[in-house]
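Engineer: First the structure, then my questions, so here it is.
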Amino acid sequence: MDNQDKNSRPAVMERVRLLTRAMGHRPLACVRTYGCQQNVADSERISGMLSCMGYDFTDRTEEADLVLFNTCAVREHAELKVFGNVGALKGLKAARPDMLIILCGCMMQQETVQQQIRSKYTHVDIVFGPSMIPELPSMMEEALITRNRVFTRRERPEIAEDLPIVRESAHKAWVTVMYGCNNFCTYCIVPYVRGRERSRASAEILKEVQELVRSGYRDITLLGQNVNSYGKDLEGEMDFSDLLAAIDRMDGDFWIRFTTSHPKDCSRKLLDTMAASRKICHQLQLPFQSGSDVILKAMNRHYTAEDYYGLIEYARRVMPDVVVTSDVIVGFPGETEKDFQRTLDLIEKVRFDNLYTFLYSKRTGTRAAAAENQIDEEVKKERFNRLLAAQHPICLAKNKEMEGRDYTVYVESVSKNNPECLSGKTSGGKTIDFPGDAALIGQFCKVTVTRAKSWSLDGRLKECQHD
Ligand code: SF4
């Protein structure tokens, strides 16, 4: 075996498998994921590698031989929760020094966090950021052989295409099309912890989608921090609209969704492609963040409220059934009552199907965190409550419009609200609960909406479309 073979990922994984066999039982791994869908997709690759290294999985840290937290840096609250949960593992590690405790994800790419883990959480064995996931086997090998702690903030620019995957669901799947972000919105930590935009080759994405469809997946979501700029970093590569169109042309009965879009890069070509397709869902998650042009400029968003509204108007013209959702931040530094009023005006004008509302939270290292004109917490909360009060009736009215109508849904699971019911998702991404046999999970069905509430929809099965 030459050096290259010895250091190949499969060879390293096999050596780790032999090392863990010495435990005398099949080792158990507990993988916990915090934050966004990208982290969920990353954890599926982590679990794939752990499975190749001989691990089975458990939800209980108490019985795990390896505990891995895949962390999120987007909100302070999530970070505090991780520190609390890591601290709680100290006793387990003291009782079983052979176990491995691994922390990865966006939070772990930050220097201050790594310093804190080094000095205060000495029971943690391995720490690394999101781009180093493919190096997990070699870091584990080093920690298991030397018993040294392994910390790295190195960024790995290349995309690893050959990682094994253990998918969370047998019905819906996530496919990452690009990593990182170039936008540097002034409130956001992502470009600092996930690095610059790196697109996967379209041939690899198409191959992965094809394999998923062949294995029976029928609801596939393309992921990226800013999917609309897919391909811009690769010479001669297709753009995101053409990638979607290529997937749409594939044989098979499936739906394709995508997230997240940036209004400055969301083109009319993309909306036309969605409108003309058979398989691309009519679901548009397009964060607007603020209705004030002054705040949008301070956020470095590169569009105006008018530009945003123009996009939504166009999307609704070409896709009258499109479901539009968005993200909004309340209390960004310098936000005046007038700026906030513009946000409320935009909400009334657009009438979003749903809104993900966030109180501005300082992220160390971002430009907005250093701004002097921070907003008082009480003012933020008061505006936040007014925002919820404005959106609530819109959500209800939008759902009420669905009453009595038939929708094709992809049946995802047994309902979380009622074990007698199933949950199905419409092309627009709305969930309808309806009584039905669990054998329908993973199928497309037609459902009539019988009752609409602000945050949920009840329905009745009309017909099962594909047996
Ligand atoms: S587009 Fe802006 S908000 Fe989204 S990940 Fe990039 S920097 Fe963050």
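The values are calculated or read from the model by the stated rules, or taken from the named source; none is laboratory data. A quick note: this is a predicted structure, and the numbers were derived from the prediction, not measured. Cβ placement follows ideal geometry from the backbone for every residue including glycine, while neighbour counts extend to all protein chains displayed. To get the accessible areas, we keep the full protein, side chains included, count just its heavy atoms, and leave off ligands, DNA and RNA. Shrake-Rupley method; radii C 1.70, N 1.55, O 1.52, S 1.80 Å.
Engineer: Across the stretch 199-240, which residue is most open to solvent (accessible area, probe 1.4 Å) among those that are within 18 Å of S261 (Cα to Cα) and of a type in the set (D, E, K, R)?
Structural biologist: K232
For every residue, the table says whether it meets (1) outside any strand (DSSP E or B); (2) surrounded by 22 or more Cβ atoms within 10 Å (Cβ to Cβ); (3) out of contact with any Lys or Arg (no Cβ under 7 Å at 6 or more places or on another chain).
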site	(1), (2), (3)
L50	yes, yes, yes
D59	yes, no, yes
V67	no, yes, yes
V74	yes, no, yes
V82	yes, yes, yes
V86	yes, no, yes
G91	yes, no, yes
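Engineer: Which residue out of E197, E235, E204 is among the acidic types (D, E) and within 18 Å of the chain's Cα centre (by Cα)?
Structural biologist: E197
Engineer: Give all pairs with beta carbons closer than 6 Å in which a residue from the stretch 222-240 that is touching a residue at least 40 places away in the same chain (Cβ under 8 Å) and assigned by TED's automatic domain parsing to the domain that holds P263 meets a residue that is β-branched (V, I, T) and open to solvent by 10 Å² or more (accessible area, probe 1.4 Å); count only pairs at least 6 apart in sequence or on separate chains.
Structural biologist: Note: pairs meeting the criteria are Q225/V190.
Engineer: Determine the pairs where a residue that is not assigned by TED's automatic domain parsing to the domain that holds N85, located within the stretch 115-143, has a partner that is buried (at least 18 other Cβ atoms within 10 Å of the Cβ) and among the aromatic types (F, W, Y) with Cβ atoms under 8 Å apart, the partner being 6 or more residues away or on another chain.
Structural biologist: none
Engineer: Here's something else I'd like to know. Could you tell me whether A170 is open to solvent by 30 Å² or more (accessible area, probe 1.4 Å) and either at pLDDT below 95 or among the basic types (K, R) (or both)?
Structural biologist: The answer is yes for A170.
Residue-wise test of (1) farther than 20 Å from S423 by Cβ; (2) touching a helix residue (DSSP H, G or I) at 6+ places or on another chain (Cβ under 8 Å); (3) touching a residue at least 40 places away in the same chain (Cβ under 8 Å); (4) not assigned by TED's automatic domain parsing to the domain that holds K279.
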| residue | (1), (2), (3), (4) |
| --- | --- |
| T364 | yes, yes, yes, no |
| A368 | yes, yes, yes, no |
| N373 | yes, no, yes, no |
| D376 | yes, no, no, no |
| K380 | yes, no, yes, no |
| F384 | yes, no, yes, no |
| L387 | yes, yes, yes, no |
| A390 | yes, yes, yes, no |
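Engineer: Looking at the stretch 172-187, which of the residues that are touching a Gly at 6+ places or on another chain (Cβ under 9 Å) and within 9 Å of the ligand (Cβ to nearest atom) is farthest from A41 (Cα to Cα)?
Structural biologist: C181
Engineer: Related question: Just to confirm my filter: which helices (runs of 4 or more DSSP H) fall fully inside the stretch 188-304 and include at least 2 residues that are within 16 Å of the ligand (Cβ to nearest atom)?
Structural biologist: The qualifying helices (runs of 4 or more DSSP H) are 190-194, 293-298.
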